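**Q** If you scroll down you'll find the structure; I have some questions about it.
Every read-out reported here was derived from the displayed coordinates using simple, explicitly stated rules and does not represent laboratory data. Predicted model only: the values in this text are computed from it and were never measured.
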């Protein structure tokens, strides 16, 4: 099953959709971006929710989140 078929069948998780979106944006792939939007909408309509990226205190849970937060504080973003 290729990437387009998986997007049409809503196989990817929210985290995977985020990664695909970043790549599709860089490549200016409008077809993939449209499918990602549809997939997210379908998941939300079914009641699926993306995992939180911050804990109850607002601290990022992932290394990427912590790095991005640190860059924001330094004014690099």
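**Q** Specify the angular offset, from 0 to 90 degrees and rounded to the nearest 10, of the alpha carbon long axis of helix 30-45 from the longest principal axis of the alpha carbons in the chain.
**A** 80 degrees
**Q** Sticking with this structure for a sec: Measure nothing fancy, just the Cα-based angle from helix 14-27's long axis to the longest principal axis of the chain, in degrees from 0 to 90, nearest 10.
**A** On a 0 to 90 degree scale, this one is about 80.
**Q** Still on this structure, please answer the following. What relative contact order, as a whole-number percentage, does the chain give when Cα pairs under 8 Å and 6 or more residues apart are counted? It would help to have the intermediate numbers written out before the result.
**A** Details: 39 pairs, mean separation 17.8, N = 77.
Relative contact order for the chain comes out at 23 percent.
**Q** In terms of the Cα gyration tensor, with a ≥ b ≥ c the square roots of its eigenvalues, is the range 1-46 rounded because a/c is under 1.5, prolate because a/b exceeds b/c, or oblate? Don't jump to the answer; show the numbers that get you there.
**A** Working: a/c = 1.70, a/b = 1.45, b/c = 1.17.
Prolate.
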